[in-house]
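The values are calculated or read from the model by the stated rules, or taken from the named source; none is laboratory data. None of the values given here were measured: they were computed from a predicted structure. Every residue, glycine among them, receives a Cβ derived from its backbone with ideal geometry; neighbour counts consider all protein chains shown.
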Amino acid sequence: MKKHLLILLSIPLFSFSQINCDTVMVDPAGTEYTHTRTRGYWFRANSSFTISAVKAGEGNSLGVNATHQSIEIIQFTNLNLFSDTIPLGYNDIIAGLTNPHTSLFHAQNVPLGWVTCNIPIIQNRYYAILGAKNNTVVPGIGTDMYNSTLSSGSGITKLMLNGDSTVFWRAAIQESLADGPGSSGQFFHDGPHSQGRIHTLICTGSTSIEEITTDKELVKIVDQLGRETKNKSNSPLFYIYNDGTTEKRIVVE
């Protein structure tokens with residue numbers, strides 16, 4: 001059974017000074033969900049790291065021409081730090097219960113692409129990342145979110161976050177993040193599959209990011225011991241380019 005998935009893409013390209021970065025792509029795209037509601041994913045961090053940038057996933061056909069995105073990162077503040085705990089679900093929310101949270105970052109109706117955020121993630125704390133491309137914002141009218149969700153099949157789904165295989169779950173809020181940050185306590189657990197696709201850039205070291213517009217060509221692929229190899233699954237590989245940059249890629253199956 002294929003587990004999903006960490007893969008590093010080279011477009012857009014970034015250069016980093018004294019920095020190690022992994023780009024976590026929540027792929028492949030599955031179903032589409034267009035509504036004034038927002039989907040994403042939540043996880044318990046297995047280690048501490050920094051989310052340096054975020055980007056909404058493509059894949060919703062109704063939003064193919066959309067040029068903006070809205071994303072929020074939150075920390076659930078009322079969950080057990082000593083054992084795995086699941087946030088309350090939708091039925092609990094509509095019954096009047098809440099999932100207390102702190103909003104760590106909110107990008108509202110910003111241009112599509114990588115958005116710098118530099119959010120510290122602390123081991124054993126619970127976080128959620130929700131967002132999508134969005135329709136044109138018209139004040140007073142709920143804005144559609146072009147949610148694209150993961151095609152994940154059955155079983156537990158994992159992401160490789162900071163080198164740790166991390167179980168992640170679908171998170172939701174019945175609000176459009178293009179119209180503002182999520183209301184207090186209204187983010188909820190929404191099952192084990194069809195997570196909203198928000199990609200993240202996870203870095204250690206300096207967090208300065210400089211976008212590069214020039215093309216580059218792959219020179220070779222090497223493993224952790226520096227041996228030249230071909231692309232393969234379940235192993236960290238380093239892609240070395242002719243401009244001197246190196247990218248780390250992992251595909252977990």
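Return the pairs, sorted by first residue and then second, in which the second residue is surrounded by fewer than 19 Cβ atoms within 10 Å (Cβ to Cβ) and of a type outside the set (A, V, I, L, M, F, W, C), the first residue lies in the range 20-40 and is within 12 Å of residue 159 (Cβ to Cβ), the beta carbons are less than 8 Å apart, and the residues are 6+ apart or on different chains. Close Cβ pairs (under 8 Å, with a partner that is surrounded by fewer than 19 Cβ atoms within 10 Å (Cβ to Cβ) and of a type outside the set (A, V, I, L, M, F, W, C)) amount to 22/163; 22/248. Residues of the range 32-90 that are β-branched (Val, Ile, Thr) and over 19 Å from residue 103 (Cα atoms): 34, 36, 64, 67, 85. In the range 34-50, of all residues being crowded, with 19+ Cβ neighbours inside 10 Å and at pLDDT 95 or above, the one that is farthest from residue 167 (Cα to Cα) corresponds to 38. Residue 136 meets the conditions (1) at pLDDT 95 or above; (2) of a type in the set (S, T, N, Q); (3) surrounded by fewer than 19 Cβ atoms within 10 Å (Cβ to Cβ) in every case but one. The failed one is (1). Name the residue that is modelled with the lowest pLDDT, counting only residues in the range 186-216 that are out of contact with any Phe, Trp or Tyr (no Cβ under 9 Å at 6 or more places or on another chain) and either surrounded by fewer than 21 Cβ atoms within 10 Å (Cβ to Cβ) or more than 24 Å from residue 77 (Cα to Cα) (or both). The extreme case among them is 213. Let me confirm something: among 143, 149, which residue is assigned to a strand (DSSP E or B) and either modelled with pLDDT of 95 or more or among the small types (Gly, Ala, Ser) (or both)? That would be 149, the only listed residue that is assigned to a strand (DSSP E or B) and either modelled with pLDDT of 95 or more or among the small types (Gly, Ala, Ser) (or both). Checking the condition within 19 Å of residue 41 (Cα to Cα), surrounded by 17 or more Cβ atoms within 10 Å (Cβ to Cβ) and in contact (Cβ under 8 Å) with a residue 40 or more places away in the chain, which residue from 99, 124 passes? Of the residues listed, the single one that is within 19 Å of residue 41 (Cα to Cα), surrounded by 17 or more Cβ atoms within 10 Å (Cβ to Cβ) and in contact (Cβ under 8 Å) with a residue 40 or more places away in the chain is 99.
Could you tell me whether residue 155 is more than 15 Å from residue 42 (Cα to Cα), part of a loop (DSSP other than H, G, I, E, B) and within 17 Å of the chain's Cα centre (by Cα)? For residue 155, the condition - more than 15 Å from residue 42 (Cα to Cα), part of a loop (DSSP other than H, G, I, E, B) and within 17 Å of the chain's Cα centre (by Cα) - is not met. A count restricted to the range 170-181 and to residues that are in a strand (DSSP E or B) and surrounded by fewer than 20 Cβ atoms within 10 Å (Cβ to Cβ) stands at 0.
Look at residue 166 and say whether it is in contact with a strand residue (DSSP E or B) (Cβ under 8 Å, 6 or more places away or on another chain) and either modelled with pLDDT of 95 or more or basic (Lys, Arg) (or both). Yes: the conditions hold for residue 166. If I filter the range 106-120 for residues that are among the aliphatic types (A, V, I, L, M) and free of Cβ contacts under 8 Å to residues at least 24 places away in the same chain, do I get at least one hit? The answer is no; no qualifying residue exists. What is the number of the single condition among (1) crowded, with 19+ Cβ neighbours inside 10 Å; (2) assigned to a loop (DSSP other than H, G, I, E, B); (3) modelled with pLDDT of 95 or more that residue 131 does not meet? Unmet for residue 131, out of (1) crowded, with 19+ Cβ neighbours inside 10 Å; (2) assigned to a loop (DSSP other than H, G, I, E, B); (3) modelled with pLDDT of 95 or more: (2). If you filter the range 4-33 down to residues that are part of a strand (DSSP E or B) and small (Gly, Ala, Ser), you find that the one that is modelled with the lowest pLDDT is 15.
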